[in-house]
Each structure stands twice: as C-alpha cells, then as structure tokens.
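In what follows, a single structure is set out as structure tokens and then discussed.
Since every read-out is calculated from the coordinates, none of them should be taken as a lab result. Quantities reported herein were computed from a predicted structural model and do not represent experimental measurements. All Cβ positions, even for glycine, are placed from backbone atoms using ideal geometry, and neighbour counts span all protein chains on display.
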Amino acid sequence: MSRIGKRPVELPSGVSASVSGQTVEIKGPKGARSFTATDDVTVTVEDNAVSVTPRGKSKRARQQWGMSRTMVQNLVTGVTDGFKKELEIQGVGYRANAQGNVLKLSLGYSHDVDFEIPAGVTVTTPKNTEVVIEGTDQQLVGQVAANIREWRAPEPYKGKGIRYKGEYIFRKEGKKK
C-alpha cells in the first residue's frame, strides 16, 4: 500500500485541474502544466482534490501509484509557488552575469562561458557570485542548475567552483612536507 499515493492532492484556490484520458492538466497563477500518467493508475478530480488509484495489484501499478501522485503534487506546486535552485560561486575572479537569455560565467578558463538559458526557466544574478534559477518545472530547474554547476564543480582542496547554496564540500588536506 502506498502511503503517499493514498492521500489526494489538494488544489489551492486559483488552481484548476482537468483530466482527459491519462493526461492531467493543472492551471494556476504561474501558468499551466500537464502530466501523462501510465495506464497502471486512474486519475480523478473530485471536491477540489486530485486522487490517484492503482488499476490492479501488480508491482508496477503500486510503483506508479505513488510516483504519479507525486508528479501531480509537483505540478500543483509549480503553478502556485514555482521551484527555485540557488547556486554560489566561490573562487578568485569567478563570477556570473545574466544578460537576457544568456548567462555569462567567468570560471578561470581562457574564455568566458556563455550558457544558453532554456525556455521556461528564469536565471537571475543578485550578486555576481550568486545564481538563482526559477521555474514551474522541477525537473527542468534542477537540470539547468546541474548543467551550470557542471562547468566548474567544487574541488575538494580549496573549495573553488560552483556549488548549491548550503552544500557541504568535503575538504581534503593538502600535501605535507
């Protein structure tokens, strides 16, 4: 029995949901998002809540039950509050600057890195050592943050590089004489 799947997803005021076949569409103040569930689950909308139930007792149906409910919850969260990832840049001369749909990164290479920002995501730089990524799609926001971090992941000796805000970097001790 899925403990997560049992609970219906409550729809806050200003958010509407519609189901056509296996596709769930959620509309809210920040836009509209949709998710297509597998044939192993049934999605219904009733009394300002979206509920997901399995269609059988197979292992796959039980797996898809909780996952589908979580995906619907992420759609509701995305169209109401949105998702946000914050990155910190540490290192002498390392900085970022958002210009239109391009993020310019100076990361110690012989050239600046121009990172194209995909549609559906907004990237801002409150300081030149901070990058804030926001959007309605949790997967896309996380992927963009991971792609930016990939350009200069934090190294374990001095901790220089791009890290998630609040991330702990395990530090190594340098060479001894």
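Springs join every pair of Cα atoms under 10 Å in this Gaussian network model of the chain, and among A61, A17, A37 the largest mean-square fluctuation is at A61. Within the listed set A96, A49, A32, the Gaussian network model of the chain (springs between alpha-carbon atoms below 10 Å) gives the highest mean-square fluctuation for A49.
Look at F170, F115 and count the other Cβ atoms within 10 Å of each Cβ; fewest to most, that gives F170, F115.
Relative to the longest principal axis of the Cα atoms of the chain, the long axis of helix 59-80 lies at roughly 70 degrees. Spatial offset of the range 109-177 relative to the range 37-86 amounts to 30 Å, using the alpha carbon center of each.
Between S20, S106, S68, the residue with the greatest mean-square fluctuation in the GNM of the chain (Cα pairs under 10 Å linked by springs) is S20. Could you tell me which label, among (i) 40, 20, 12; (ii) 27, 20, 15; (iii) 22, 19, 16, carries the value of semi-axes √(5λ) of the Cα gyration tensor in Å calculated for this structure? Entry (i).
Distant-in-sequence amide contacts of K160, defined by a placed amide H-H separation under 5 Å and a gap of 5 or more residues or a different chain, comprise E155. Mean sequence separation of contacting Cα pairs (under 8 Å, at least six apart), scaled by the length of the range 3-80, corresponds to a relative contact order of 36 percent. Considering only the other residues whose Cβ falls under 14 Å of the Cβ of R3, what net charge follows from Lys and Arg at +1 and Asp and Glu at -1? Summing Lys/Arg as +1 and Asp/Glu as -1 gives +4.
Counting neighbouring Cβ atoms within 10 Å and putting the fewest first, the residues K59, K177 line up as K177, K59. Taking a sphere under 11 Å around the Cβ of V52 and counting the other residues whose Cβ falls inside, with K and R at +1 and D and E at -1, yields a net charge of +3.
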